[in-house]
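I have placed the structure first, in the form of structure tokens, so that the comments after it can refer back to it.
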Amino acid sequence: MTAPRTAKPRTEGPTMPRLDRRRFTGTLLAAVAATGAAALIPALGRQRALVIGGGPAGATAALALRQARPDTEVVLIERDPGRLGPAAPGDGFAKPGAGIGLAELRAAGVEVLLDEVTGIAWAGLRAALFSGRSLAFDRLLLAPGTAPVAEPIAGLDARARHLWPAAWGSTREARRLRAQLGALPETGRVVLRLPAELPGHPDIALSRALALSGWLGKHRPQARLTVLDGGSDPALARRFAMLTAARGDRIATDWRIAPQGGTVLRLDAGRGLIETSQGPLRADVVNFVPPQQAGRIAQIAGLADASGWCPCTETGRSVRQPAALILGDARRGALRTVAGAVHSARSARL
Ligand SMILES: Cc1cc2nc3c(=O)[nH]c(=O)nc-3n(C[C@H](O)[C@H](O)[C@H](O)COP(=O)(O)OP(=O)(O)OC[C@H]3O[C@@H](n4cnc5c(N)ncnc54)[C@H](O)[C@@H]3O)c2cc1C
């Protein structure tokens, strides 16, 4: 006679005191009722895949996985509720969304948690969440996009990053930047800072410059735009000049690449001062874009290499951790476009 199949115990929560089955079930249901977190009920005997990130890569992969493996419980964790809502305004300050909303994910049977993954324990295959919960998984699909790299620039602290938002993926920062532009004096100066390296993102940098020029042309025609471009290649500045001329923009723009003072040496965000390699500059609004690397959780989980990006095979298998699939912008060598992110999810070995 074969022994009955026993489900793998999958504890949830930071600590798991010894409980008998009845008390365990009661406690769990009470916790679920209190939090509304149906996704935290362990799916006994089923494989659980965690998808980190609800951008184009993560949301596409979650749907594809539900289709390819209906027996797998798919839990998608996204920290920014705005990313799963309707598409952000197409004004060049917001990152495009997945085009796949909460309702579509839930209708497909994907459990969605609005939370942040703060750590991964590979030994026990568990993810720690910002809310204090801990979630067991069998497979991990990592699609956290990009995150800023810290730069050793004097004065560039948390306050400066708040006052001079990057708006490079954060819906909150994009809102803050729009509000700051709204308060710009008629003859004020806007500075767009671009780092020397923005892998895969030159077109996005160009669209940001065009978005700022377009906004100023419409709302503050007497204002000035200065682009501090840490790179040494004038190609982007030339494309900007061509496109704004074709569009008829009349905003006074000064695009400085590194040899012309495009490098930021130190700053005082409270006073609106920037010290460049060619002298000081005063600004009313600063859109300070830092260099990027794979999202922070990729660094914490040990999935990124010295480049800051996640090495993986063509089908997404992490070369550093076989239980993980890497999707979207976080991949080393990714295209870093929506189409590229969607393709990485569709071509991954799910
Ligand atoms: C300002 C800007 C404008 C752009 N415009 C265009 C454009 O016009 N056309 C185009 O093709 N591409 C554009 N791009 C690039 C495009 O947005 C990206 O290539 C694409 O979004 C990448 O998809 P992704 O799913 O890999 O990552 P993302 O879209 O960045 O999604 C990652 C998600 O993971 C979440 N996340 C990260 N860490 C955690 C965690 N620990 N726990 C929970 N959630 C987490 C984030 O909140 C985020 O929603 C733009 C990018 C930027 C920055």
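The values are calculated or read from the model by the stated rules, or taken from the named source; none is laboratory data. The structure presented is a predicted model; accordingly, all values stated were derived computationally and were not measured. Heads up, the Cβs are rebuilt from the backbone with ideal geometry, glycines too, and the neighbour counts pull from every protein chain shown.
Being of a type in the set (Gly, Ala, Ser) and at pLDDT 95 or above is true for just one of Gly200, Gly217. Which residue is that?
On the way: Gly200 fails: at pLDDT 95 or above.
After ruling out the rest, the residue left standing is Gly217.
Could you check, for the range 288-307, whether at least one of its residues is under 15 Å from Val191 (Cα atoms), of a type outside the set (Gly, Ala, Ser) and either modelled with pLDDT under 95 or surrounded by fewer than 15 Cβ atoms within 10 Å (Cβ to Cβ) (or both)? Scanning the range 288-307, I find no residue that is under 15 Å from Val191 (Cα atoms), of a type outside the set (Gly, Ala, Ser) and either modelled with pLDDT under 95 or surrounded by fewer than 15 Cβ atoms within 10 Å (Cβ to Cβ) (or both), so the answer is no. Here is the figure for the range 314-350: residues that are away from the ligand (no atom under 16 Å from the Cβ) and modelled with pLDDT of 95 or more total 3. Residues in the range 259-296 that are in contact with a Gly (Cβ under 8 Å, 6 or more places away or on another chain), within 12 Å of the ligand (Cβ to nearest atom) and aliphatic (A, V, I, L, M): Ala294 only.
Among the residues in the range 276-292, are any assigned to a helix (DSSP H, G or I) and more than 23 Å from Glu197 (Cβ to Cβ)?
Kept after step one, since they are assigned to a helix (DSSP H, G or I), are these residues of the range 276-292: none.
Checked the range 276-292: no residue is assigned to a helix (DSSP H, G or I) and more than 23 Å from Glu197 (Cβ to Cβ).
Applying the set (1) under 30 Å from Leu273 (Cα atoms); (2) within 14 Å of the chain's Cα centre (by Cα) to Asp329 leaves exactly one unmet item: (1). When the range 237-250 is examined, which residues are found to be at pLDDT 95 or above and either surrounded by 15 or more Cβ atoms within 10 Å (Cβ to Cβ) or more than 24 Å from Pro291 (Cβ to Cβ) (or both)? Those that are at pLDDT 95 or above and either surrounded by 15 or more Cβ atoms within 10 Å (Cβ to Cβ) or more than 24 Å from Pro291 (Cβ to Cβ) (or both): Ala237, Arg239, Phe240, Ala241, Met242, Leu243, Thr244, Ala245, Ala246.
Looking at Gly248, is it without any contact (Cβ under 8 Å) to a residue 40 or more places away in the chain, farther than 30 Å from Ala330 by Cβ and touching an Asp or Glu at 6+ places or on another chain (Cβ under 7 Å)? I'd like the intermediate steps shown before the answer.
Values: without any contact (Cβ under 8 Å) to a residue 40 or more places away in the chain: yes; farther than 30 Å from Ala330 by Cβ: yes; touching an Asp or Glu at 6+ places or on another chain (Cβ under 7 Å): no.
Considered against the rule, which asks whether it is without any contact (Cβ under 8 Å) to a residue 40 or more places away in the chain, farther than 30 Å from Ala330 by Cβ and touching an Asp or Glu at 6+ places or on another chain (Cβ under 7 Å), Gly248 comes out as no.
Considering only residues in the range 178-198 that are within 16 Å of Gly230 (Cα to Cα) and surrounded by 14 or more Cβ atoms within 10 Å (Cβ to Cβ), the one that is nearest to the ligand (Cβ to nearest atom) turns out to be Leu198. Mind listing just one residue for me: the one in the range 149-177 that is outside any loop (DSSP other than H, G, I, E, B) and at pLDDT below 95 and, of those, farthest from the ligand (Cβ to nearest atom)? This residue is Arg175.
Being at pLDDT 95 or above, among the polar types (S, T, N, Q) and not in a helix (DSSP H, G or I) is the requirement here; does Thr253 meet it? Even if it seems obvious, please write down each step before you answer.
Numbers: at pLDDT 95 or above: yes; among the polar types (S, T, N, Q): yes; not in a helix (DSSP H, G or I): yes.
For Thr253, the condition - at pLDDT 95 or above, among the polar types (S, T, N, Q) and not in a helix (DSSP H, G or I) - is met.
Out of all the residues in the range 125-148, which are within 11 Å of the ligand (Cβ to nearest atom) and hydrophobic (A, V, I, L, M, F, W, C)? Listed by number, the residues that qualify are Ala127, Ala128, Leu129, Phe130, Leu141, Leu142, Ala143, Ala147.
Per this entry, Leu135 is counted among residues that are more than 24 Å from Ala166 (Cα to Cα), of a type in the set (A, V, I, L, M), crowded, with 22+ Cβ neighbours inside 10 Å and modelled with pLDDT of 95 or more.
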